[in-house]
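**Student:** The structure is given below, and queries will be raised subsequently.
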């Protein structure tokens, strides 16, 4: 450990993207430090790129071509005069080689020494080190036997994270298969197939300790974060303090975490993860040698800025008193807003977020990577924002999360907002949850259909757009009739709205699914929280509900005869190119015929399955003769099971 | 800016009484309109629906752009006759794909959509409006042809229907037909003469003679589909240009056709966006007097229908029984002539003739607001040449070439009806408020005149005059004239284009002015010889 002062940092390159890049820029701004953003082609218009003082392009989109290219990042830092590189989380943050190369280039790496990253990089090695340092670890084994461990057991990838390469084994017969599967997954995910087996703690909690070390020999615990509420082994809600940790346990866990950090010569911000069982025993899982996604909850209760501390420590300053003797004030909860669809296997979504607006609520902080108009690409992590709430109690913090998410306007690709609202409500309602598999065991209740008045407000917005888009008779009251004979029908998703205009063009009667709605209430609602009509969709309640504007007229199939193909002219069958049962796509040739010395292809008018072929090769055809019948009712769209990668 | 002052006292007893009377008349009017909407009655409507068919007005509603207006014309056609109110047909002006069209739909729940004499008149009037205003014509056809028992009244004049469709086409006004069902014999020519024809699978049946007639004529066995089905016309005869899978699809295709008509309005268009009147149009319910003998100030009507209540009055101090002046309505410039105290004297007639010439000089459409008992009679007036002056006014209104719009606000009697651009003087549109009366003269006057003539005749022949018979004759005549001068009676005879709620006057005139704007208004520069 050295204690020499390094030159002060006046320009920092952020080797990351999204919300964490913005969050680092925010601190730099406050400290008067210049910022250099890097961006892939997909991130060119991202908010963090705009907010940085300088931005450097990394050509390409794949992480391996862009954010993982250490040499490009170093070159960018040199070119822009940055003295330091902050890796954020994910990407290069836990790559010892990156830390080393940055240091070798004479730049400051905002993170621990490469040696500390390397030491913690192997789970097997780290456990060995921890055991030697007196940090409690779970009994484990390399893959040969379960003798020391017992059942159930967990097969884990040594280089793993984020739930990948993990398998629970409940009977010894499953072990071989589980190891093989975990190895395969580990190879593909991390390039390292080493796995090990440790005892599996049923109903365990995931509690981690934030540690901070300076270059002057001070290492402190900034208390715990509870990340027990997970989905598929991925964190989704984090809070501090943990409902399962009392002062005595907090002290013991803090001491163990500090010991862990010291054992590897740690400097800067790090997190020691423990598994906490129901009896208050805790076991070292791994150490994350970087800033964590969930660091804001620690900031909320301690009042510290962990990025500022990182920069100060990197400049060689000692930890300030406020960090050495950090306070603990109230309760903080973070939820991760992800562009993914919980209802469809957490399938990642992408596209333009048309409107992103969070309400200003006391005690609520939003670290968002997106603004109104931001396009989210499919290339990176699906997390787009974090909502963090602080309050005197857990209940207040949880309520503030619910409030912030409920009142936010997020219009764009589908997100897990509803699930987060549900989870925060659960936290608000009960004093403790749960274990790491709570979410996987407890399916979320289906979202209640919107109230009739809300659908009516959506209809009002759609109707107002129709009124505004009139090109003739614009001064005539909308929908005016001298002889009103019927209500106008508008279909929004599953809902049928019927309404009438009065003689002055105002909607004065409106009915949703047969239920009369106060037209004034619907109009007021449409004004107070305007539904957003984008294309043929209405986004309601700040984007929580989306209804399709059903077109008035359905387009029939091209031929006017569903799914059948007829000969366009007299001729003979040359070739038949499909078989009954074949899937066809629109435009796919199905049959060739000859007529007047010309060869004509008969193509599929729409996607479907060939149900029947009614002609043979060589057969003479009359105009209009039925050739092939295609069944279009078969759903050909598969539902790919997505398993998005996420950083923890 | 000469914004008209509000002199209406909505708390006055007369206002409240007028309003109550007007609302009662509107309610009575609504009852009659409901009959038109009811078509052939619940049983036929139900049968039509069980066949999976849309009603005439449902077809029109589906045809129209969302949130666009529809001005239905002649809804009370055939009122007071032996034929159903509405005459089995719906006509009106509506917006399809941003294009104002004249839409005609047969009501197949009324005797299979067959044409009776009133249907024919209503149809011809609609096509006249299409022709005068260059409105693309959209026919939603389902008609069994002529109502055969009345064929003598419709066969000869009905030929004009065929004539007018193709005449429109030649004038550059496209014609579109969507055939929803039977379109037989004469009815087959409605689509047949049209520029574009949409037929609907297994619904449209278009033939000169149906299977029974063919069997009778030639002995040939046939069925509807092979004789005139949509499939046959789309694939074989080529009569159908578009083949729809169902009614809604036919409407979709009809809209698609209109979208590509490349329709452009050739008028100057409104001048910017219009300010609504400053004064409340709801008051129009209480302004017209419930007692036709009590005149009312038409400026209070004008102030509630023109843009920003802004009216530049012409010759306000001369011929004060007629108010003339310029204004804008929905941004379109107009000249207004409105009767004030009912009677037209020489000064009023001259003022009107001058004003009409001025409007023609600058191509400004004219709006006539009728409330007239006619030209003044009496020795002095005859000696001063009321006939000469009335003739000037009628000369001016007849030979004027700017578009005219007429509203009968209360009364339209005698030659005043002519001078104020009654039906015979070809206004582009003529609408009536429900309280309005139209006749050669008032019922009492008419009965009284007949009584005096009878008394003179008896005296000249030295016969005794039967006072009792005279009394009952007068009562009978008065009742008959009163009945026949009512708005619904006039509307039933197609002497107007419909009865409107006074509050809708601005909207209706605005739609008419927009229809007119398909061509630039062009006034005449010459007139018939004025008798000076």
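**Student:** Using only the alpha carbon atoms of the range A:288-349, find the Kirkwood hydrodynamic radius as the inverse mean reciprocal pair distance, in angstroms to one decimal. Don't jump to the answer; show the numbers that get you there.
**Tutor:** Working: mean 1/r = 0.0713 Å⁻¹.
Answer for the range A:288-349: a Kirkwood hydrodynamic radius of 14.0 Å.
**Student:** Any idea what Rg and Dmax come out to for the range A:234-358 if you just take the C-alpha atoms, in Å?
**Tutor:** 17.3, 49
**Student:** Could you order peptides B:8-15, A:468-475 by the average number of other Cβ atoms within 10 Å of their residues, highest first?
**Tutor:** Details: B:8-15: 13.0, A:468-475: 16.6.
Highest mean packing first, the order is A:468-475, B:8-15.
**Student:** To continue, here is another question. Hey, what does the equivalent ellipsoid look like for the range A:502-610, semi-axes from the Cα gyration tensor as sqrt of 5 times each eigenvalue, largest first, whole Å? Could you put the intermediate results ahead of the total?
**Tutor:** Working: eigenvalues 530, 51, 27 Å².
After diagonalising the Cα gyration tensor, the semi-axes are 51, 16, 12 Å.
**Student:** Continuing with the same structure: What's the FRET efficiency of residue B:317 with residue B:455 using the Cβ-Cβ distance as r and R₀ = 45 Å, to the nearest 0.05?
**Tutor:** On the way: r = 43 Å, r/R0 = 0.96.
Result of the calculation: an efficiency of 0.55.
**Student:** Moving on to the next point. What is the helix-to-structure angle for A:519-528, meaning the angle in degrees between its Cα long axis and the longest Cα principal axis of chain A, kept from 0 to 90 and rounded to the nearest 10?
**Tutor:** The two axes meet at around 40 degrees.
**Student:** Another question, if that's okay. Enter the mean number of other protein chain beta carbons within 10 Å of the beta carbon of each residue in A:482-492, as an integer.
**Tutor:** 6
**Student:** In whole Å, how far is the Cα centre of the range B:81-96 from that of the range A:184-247?
**Tutor:** Comparing the Cα centres of the range B:81-96 and the range A:184-247, I get a distance of 77 Å.
**Student:** Could I ask something else about it? Residue separation times 0.36 nm, minus the C-alpha to C-alpha distance between residue A:180 and residue A:509: what's the value? Spell out each step's value before the answer.
**Tutor:** On the way: separation 329, 0.36 × 329 = 118.44 nm, distance 6.55 nm.
Taking 0.36 nm per residue and subtracting the Cα distance, the gain is 111.9 nm.
**Student:** Rounded to two decimal places and with Rh computed the Kirkwood way over Cα pairs, what is Rg over Rh for the range B:54-144? The partial results should precede the final answer.
**Tutor:** Working: Rg = 12.5 Å, Rh = 13.0 Å.
For the range B:54-144, the value is 0.96.
**Student:** Taking 60 Å as R0, compute the FRET efficiency from the Cβ-Cβ separation of residue B:363 and residue A:616 and round it to 0.05. Mind dumping the intermediate values first?
**Tutor:** Values: r = 73 Å, r/R0 = 1.21.
Taking R0 as 60 Å, the efficiency between residue B:363 and residue A:616 is 0.25.
**Student:** Over the Cα atoms of the range B:440-521, what radius of gyration and what Dmax do you get, in Å?
**Tutor:** For the range B:440-521, the Cα-based Rg and Dmax read 21.0, 65 Å.
**Student:** Now a separate question. Could you tell me the center-to-center distance, by alpha carbons, between the range B:186-243 and the range A:18-44 in angstrom?
**Tutor:** Using only Cα atoms, the two centres lie 73 Å from each other.
**Student:** Can you tell me the order of B:405-411, A:220-226 when each peptide is scored by its average per-residue count of other Cβ atoms within 10 angstrom, highest first? Walk me through the numbers before you get to the answer.
**Tutor:** On the way: B:405-411: 26.1, A:220-226: 23.9.
The densest-packed peptide leads the list: B:405-411, A:220-226.
**Student:** Can you compute log10 of I(q)/I(0) for the range A:572-626 with the Debye formula, treating each Cα as one identical point scatterer, at q = 0.21 Å⁻¹?
**Tutor:** Cα-only, vacuum Debye calculation for the range A:572-626: -0.78.
**Student:** Right, something else. Counting pairs of alpha carbon atoms under 8 Å apart in space and at least six apart in sequence, what relative contact order in percent does the range A:224-279 give? Walk me through the numbers on the way to the answer.
**Tutor:** Values: 34 pairs, mean separation 12.9, N = 56.
Contact order relative to length: 23 percent.
**Student:** The range B:334-396: D in µm²/s via Stokes-Einstein (Kirkwood Rh, Cα pairs, 10 °C, 1.306 mPa s)? Each step should come with its number before you reach the end.
**Tutor:** Values: Rh = 12.1 Å.
After rounding, the answer is 132 µm²/s.
**Student:** Which ordering of B:309, B:74, B:491 is given by a fewest-first count of other beta-carbon atoms within 10 Å? Present the calculation step by step, with values, prior to reporting the outcome.
**Tutor:** Values: B:309 23, B:74 29, B:491 26.
Ascending number of Cβ neighbours within 10 Å: B:309, B:491, B:74.
**Student:** Largest first and in whole Å, what are the equivalent-ellipsoid semi-axes of the range B:382-532 based on the Cα gyration tensor, each being the root of 5 times an eigenvalue? Write down the numbers at each step before the final one.
**Tutor:** Working: eigenvalues 271, 102, 17 Å².
With the √(5λ) rule applied to the range B:382-532, the semi-axes are 37, 23, 9 Å.
**Student:** Continuing with the same structure: If packing is taken as the average number of other Cβ atoms within 10 Å across a peptide's residues, how do B:349-357, A:546-554 rank, most packed first? Present the calculation step by step, with values, prior to reporting the outcome.
**Tutor:** Values: B:349-357: 23.6, A:546-554: 15.6.
So the order, starting with the most tightly packed, is B:349-357, A:546-554.
**Student:** Here's another thing I want to ask about it. Which values of log₁₀ I(q)/I(0), to two decimal places, follow from the Debye formula for chain B at q = 0.07, 0.13 Å⁻¹ with a uniform point scatterer at every Cα?
**Tutor:** -0.44, -1.27
**Student:** Pairing the Cα long axis of helix A:417-429 with the longest principal axis of chain A, what angle in degrees results, from 0 to 90 and rounded to the nearest 10?
**Tutor:** The helix A:417-429 is inclined about 50 degrees to chain A.
**Student:** Related question: Remind me, relative contact order of the range A:533-615 in percent, using alpha carbon pairs under 8 angstrom and six or more residues apart? Working shown, then result.
**Tutor:** Working: 116 pairs, mean separation 19.5, N = 83.
It comes to 23 percent, rounded to a whole number.
**Student:** Distances over 12 Å make up what percent of all Cα-Cα pairs in the range A:497-548?
**Tutor:** 68 percent
**Student:** Can you report the principal axis dimensions of the range A:198-266 using only the alpha carbons, biggest first, rounded to whole angstrom?
**Tutor:** So the three principal-axis extents are 39, 27, 22 Å.
**Student:** Kindly put B:393, A:383 in sequence by how many other C-beta atoms sit within 10 Å of each C-beta, fewest to most.
**Tutor:** Numbers: B:393 28, A:383 25.
Ascending Cβ contact count within 10 Å gives the list A:383, B:393.
**Student:** D for the range A:344-392, whole µm²/s, Stokes-Einstein with Kirkwood Rh over alpha-carbon pairs at 4 °C and 1.567 mPa s: what number?
**Tutor:** Details: Rh = 12.4 Å.
D, rounded to a whole number, is 105 µm²/s.
**Student:** Roughly what angle does helix B:247-259 make with the longest principal axis of chain B, taking Cα atoms, 0 to 90 degrees, to the nearest 10?
**Tutor:** Relative to chain B, helix B:247-259 is tipped by roughly 60 degrees.
**Student:** Ignore the peptide's own chain and count Cβ atoms of other chains within 10 Å of each Cβ in B:68-80; give me the average, rounded. Please list the in-between numbers first.
**Tutor:** Numbers: counts 11, 12, 7, 6, 5, 2, 0, 3, 1, 0, 0, 0, 0.
Mean shielding count: 4.
**Student:** Diagonalise the Cα gyration tensor of the protein assembly as shown and give the resulting equivalent ellipsoid semi-axes, square root of 5 times each eigenvalue, largest first, whole Å. Walk me through the numbers on the way to the answer.
**Tutor:** Numbers: eigenvalues 1352, 305, 131 Å².
For the protein assembly as shown, the semi-axes come out at 82, 39, 26 Å.
**Student:** So what's the Cα pair-distance distribution over the range A:294-429, bin width 5 Å, in %?
**Tutor:** Spelled out bin by bin, the range A:294-429 gives 2, 10, 18, 19, 16, 14, 11, 7, 3, 0 percent.
**Student:** Quick one: if you stick a label point 7 Å off each Cα along the C-beta vector at residue B:49 and residue A:170, how many nm between them?
**Tutor:** So the two model labels end up 5.8 nm from each other.
**Student:** How do A:240, B:505 line up, fewest other C-beta atoms within 10 Å first? Mind dumping the intermediate values first?
**Tutor:** Working: A:240 31, B:505 22.
Ascending Cβ contact count within 10 Å gives the list B:505, A:240.
**Student:** Per the Debye formula with a single identical scatterer at each Cα and no solvent contribution, what log10 I(q)/I(0) holds for the range B:114-259 at q = 0.17 Å⁻¹?
**Tutor:** These q points yield log10 I(q)/I(0) values of -0.95.
**Student:** Averaged over peptide B:94-101, how many Cβ atoms belonging to another chain are found within 10 Å of each residue's Cβ?
**Tutor:** 2
**Student:** Please compute, for the alpha-carbon atoms of the range A:443-513, the extent along each of the three principal axes and give them in descending order in Å.
**Tutor:** Projected onto its principal axes, the Cα set of the range A:443-513 covers 53, 24, 15 Å.
**Student:** Suppose each label sits 7 Å from its Cα in the direction of the beta carbon; what would the residue A:251-residue B:237 distance come out to in nanometres?
**Tutor:** Simple spin-label model gives 10.1 nm for this pair.
**Student:** Taking all pairs of different Cα atoms in the range B:283-326, averaging 1/r and flipping that mean, what Kirkwood radius in angstroms comes out?
**Tutor:** Numbers: mean 1/r = 0.0865 Å⁻¹.
For the range B:283-326, the Kirkwood estimate is 11.6 Å.
**Student:** Could you give the Stokes-Einstein D for the range B:311-424 in µm² per second, using the C-alpha Kirkwood radius, 10 °C, 1.306 mPa s? Could you put the intermediate results ahead of the total?
**Tutor:** Details: Rh = 13.7 Å.
My calculation gives 116 µm²/s for D.
**Student:** Which FRET efficiency value, to the nearest 0.05, do you get for residue A:465 and residue B:463 by plugging their Cβ-Cβ distance into 1/(1 + (r/R0)^6) with R0 = 60 Å?
**Tutor:** Values: r = 79 Å, r/R0 = 1.31.
After rounding, the FRET efficiency stands at 0.15.
**Student:** While we're on this one: If you build the convex hull over the alpha carbons only and average its shadow over all orientations, what do you get for the range A:231-307? Give it in nm² to one decimal. Don't skip to the end; give the middle numbers.
**Tutor:** Details: hull surface 22.8 nm².
So the mean shadow area of the Cα hull is 5.7 nm².
**Student:** A further question on this structure: Using Cα-Cα distances under 8 Å and only pairs 6 or more residues apart, what relative contact order does the range B:254-342 have, in percent?
**Tutor:** Working: 125 pairs, mean separation 24.6, N = 89.
Across the range B:254-342, relative contact order equals 28 percent.
**Student:** Give me the three principal axis extents of the range A:248-287 from the C-alpha atoms, as integers in angstrom, largest value leading.
**Tutor:** 32, 19, 15
Every number here is computed from the coordinates shown, using simple stated rules; none is lab data. Just so we're clear, the structure is a prediction, and the values are computed from it rather than from any experiment. As a convention, Cβ positions derive from the backbone with ideal geometry for all residues, glycine included, and neighbour counts pool all protein chains shown.
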